[in-house]
Structures are given as structure tokens and as C-alpha cells.
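Quick notes on the structure that follows.
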Amino acid sequence: MRPRTLDEFVGQEHLVGPGKLLRRAIEADRLSSAIFYGPPGTGKTTLARIIAATTQAEFEQINAVTAGISDIREVIQRAKERLGMYGRRTILFIDEIHRFNKAQQDALLPYVEDGTIILIGATTENPCFEVNAPLLSRSRIFAFEPLKPEEIRKLLLRALEDKERGLGMYKVRVDEEALGHLVRVADGDARTALNALELAVITTPPGEDGYRHITLEVAEESIQRRMVRYDKAGDNHYDVISAFIKSLRGSDPDAALHWLARMFKAGEDPRFIARRMIVHAAEDVGLADPMALVVAVAAAQALEYVGMPEARLPLAEAAIYIATAPKSNAVIKAIDSAMADIDKLSIGEVPRHLRDPHYKGAKKLGHGEGYKYPHHYPNNYVQQQYMPDPLVGKKYFRPYGQGYEKEIIKRQQEREGGRER
């Protein structure tokens, strides 16, 4: 059922829809080097084969899993001969180009640069992480998106009707809820959806009426649970943790739990998740609810005590607590502002009354002279200068009045009233 022409191709309208750049380049046979990047089953290899069927250039294909430097050299030699003897271009399609190491990618670079080959690389991994920068700079990246539910449905119905390449030779009746389940669980992956439909049809015996009846139960057995696409060293790692943290910051516990569950299922290091929650509790909750940091640290400790999968519970509890806590970024703004002033302002010396008077000769220098010990005063507080001279009066911590910060503001106002107690 692999589409053979652009008209049969389903999805990626932003790339190959009418008037779009990639479609115009394919139809005009003027394609330049490109990287097709996107999830499995979204049409990368299919589009490369469509290009192979429509281009006047010679089309060569290798798979990065099995190919080596010698294979690249052979392709380059043939490409040079065609270009030199016949003036004919060569398009080289490399499937799973992220599997090539640096040396293999470097071997392609001179010939991409001088036009000996037009490279089309297909990858499920972010090329910004997996493709060498020089090669990347000479290629245009086309990002493929998961197919929409209606596009997956269209492909499944087409397969059921096609008698030549599909399942049209069978008499099949598919329940709507079964079709919907295949569409949902495929999650934008056409290959997964078509493989599941094929398995459902060929393993279901005909009924008395001659029809193979595909029920929801049959569909569930055929597609099973999909694999969560997640690369712990690439963009999935960064994108999902970013979505998790932003959900916590945005006070959406349900979204936070979704991203947390996705990381659990994909095998993300739970210590990494715990560390990020500790940072977030201080950065985005702060003193609006000091218990958020306590809960986050407790979850990290629980992870070390009990391990996974049981630690999913304290980690989930921490995520829910942080997401539902009042938010304040006053702490991070305060420390970052203080650190910025160290770089750009005159910061002066430690005031003499704050200096350590205990080492030999310190008292002769006047260290500690005039220091007021707060515990000698009512309510254990006394006003005195703690800032260095150039920064007297500087304010870094400015609470917003969220949650527990209201109590902090009250204390500050009382202490800054100007009277000793």
C-alpha cells in the first residue's frame, strides 16, 4: 500500500501540499540536498521512493545500518562517472542516516558540497543532534509530522478497498469502534496502523456470511501497546522534560502526570526527573510554599530507598504537590539579581563589625567591633548594617505575597519599622 505518486501520498501537507516548496522541487526535478526528519511511519522513505520514480537523475539508495565507507565510495565513484560522461546527476538516499558515524558522514561532505551527489537523508532522530554540522548546513531539513487521525483512517479504508495491493480481495466488515481504536493507538504511524489492520484481517476466519468481522477485541489484540518514542540523549529527552516542567509551572497536575508517565514508560532516568523537580520547587514555587521543596527532596530520597517502579508513587505525589502549590519565582530572581550585581557593581569590603574577630590579631584590627548580637535584643532582632557599603539599601528578595510569602512580607514590614526590640 506504499503510495507511488504524490497524488497518492497522504499527510505532510505542509511539505508536499499544492504549491509547497518540497512538492515544487520534486515536480520540477530540482531537488537539493535534504534531510527528512520525523517519527516512524510518516512517509519519509515513501517520499524518497516517489522522488526515485519521478526524477530524471539516477537514484541510489543505501541503509546506514548495513553500509560502510566502501559502499559510500562505490556510490560516489558511479556518481562521478555519470556526471562526467553523461552530465547526469545522482540522488543518494540514505535511510537512517543518524546511524552513520562522524567519519562516514564526513566522507559524504565533499561530494555534497561540489554537487557530485544530491543527498536525501531520512532519520527519526533530531538531525541537530545526530548529523554533523557541516553536512547539516549544506542540507535543507524537512520535518515530518505524525499523521492526523483522519489521514490514518483514510489509509486504512484505502487498504480495505484496494484489491491489487491491499485487502480488497477479502470480505471484511470492520466495526467503527475497532477502526477508531486502530487509528488512536497508531498515534500518527501509518505503518503501525496498516500492519495491525493486515494482522487483524488475515488472522480472523470468515463467519457464516463469508465476512471477516473485525471487532474492537480483535483490533486490540492486533495492535497491542505502541512503543513510546523517546531518545534519552536527544530532543525527546529535552522536549518532554520541558513540557513536564512547564506543566508544573503552569499549575496543571494532569498534564504534569501525563509527561511524567511518558518518561516512566520510556525509561527515563528517574533520578533526573527527581532532580528537576527539586530545582523547580525552589525556582517556581519557592517560599510561596516552602513544603514544595521538602516534598520534592523527600521524593528523591524515597526513590533511593525503594527504587522503581514503587517510587513512581512519591514522584507522582511530588509532581501533584508542586503543580498545585502557589507559585513564586522571587527566590530565583533574588539570587540571580544578587549574582549579577557581583559582576557589574562595586561591591566593597566586608563591613568591619561583621568581620571574624576570632583569629590571632583580628581584634587589634577592629574586626567585630560594634557588632550587635541579635539574641541580646527583644524578639532576637536588632537593626544594623549587613550589606557592604556600596550596596546599602539594595533589595533583592521581593516576595509577591503568594501563599506563605504573605507571612514573610508581614515579618519584613515589622522588622523594617525602624525600632529595636
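Readers should treat all values here as calculations from the given coordinates under stated rules, not as data from a laboratory. Worth saying up front: this structure is predicted, and the values here are computed from it rather than measured. Don't worry about glycine lacking a Cβ; one is built from the backbone with ideal geometry, like all the others, and counts go over all protein chains shown.
What the table shows:
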{"read-out": "Long-range HN-HN contacts of Ile118 with modeled amide H, under 5 Å", "value": "Thr90, Ile91, Leu92"}
{"read-out": "Cβ-derived FRET efficiency at R0 41 Å, Glu164 paired with Ala143, nearest 0.05", "value": "0.80"}
{"read-out": "Centroid-to-centroid separation of the range 256-274 and the range 129-183 [C-alpha atoms, Å]", "value": "28"}
{"read-out": "Rounded to 10°, Cα long-axis angle of helix 69-86 versus longest principal axis of the chain", "value": "60"}
{"read-out": "Virtual spin-label span in nm between Lys80 and Gln383, 7 Å along Cα→Cβ", "value": "8.5"}
{"read-out": "For the range 149-223: rounded, prolate or oblate by the Cα gyration tensor [a/c cutoff 1.5]", "value": "oblate"}
{"read-out": "Amide proton proximity set for Val172, modelled H, under 5 Å, gap of 5+", "value": "Arg212"}
{"read-out": "Cα shape, the range 13-143, gyration tensor, a/c 1.5 rule", "value": "oblate"}
{"read-out": "The range 72-119 and the range 297-359: distance between their alpha carbon centers, rounded to Å", "value": "52"}
{"read-out": "Inter-site label distance for Asp341 and Tyr238 at 7 Å from Cα along Cβ, in nm", "value": "3.4"}
{"read-out": "The range 235-324 shape via C-alpha gyration tensor axes, a/c threshold 1.5", "value": "oblate"}
{"read-out": "On Cα atoms only, tilt of 102-113 relative to the major axis of the chain in degrees", "value": "70"}
{"read-out": "Residue order, fewest to most beta carbons within 10 Å, for Val382, Val112, Val174", "value": "Val382, Val112, Val174"}
{"read-out": "Ranked Phe144, Phe264, criterion: other C-beta atoms within 10 Å, fewest first", "value": "Phe264, Phe144"}
{"read-out": "Virtual spin-label span in nm between Phe397 and Arg99, 7 Å along Cα→Cβ", "value": "5.7"}
{"read-out": "Sequence of Ser337, Ser33 once ranked by neighbouring C-beta atoms within 10 Å, starting from the fewest", "value": "Ser337, Ser33"}
{"read-out": "Those residues of the range 158-175 whose amide nitrogen sits under 15 Å from the label point placed on Asp209, 7 Å along Cα→Cβ", "value": "171-175"}
{"read-out": "Förster radius 56 Å - calculated FRET efficiency between Glu416 and Glu310 (Cβ-Cβ, nearest 0.05)", "value": "0.70"}
{"read-out": "Angle between the chain longest axis and helix 312-324 axis [Cα atoms, degrees, rounded to 10]", "value": "70"}
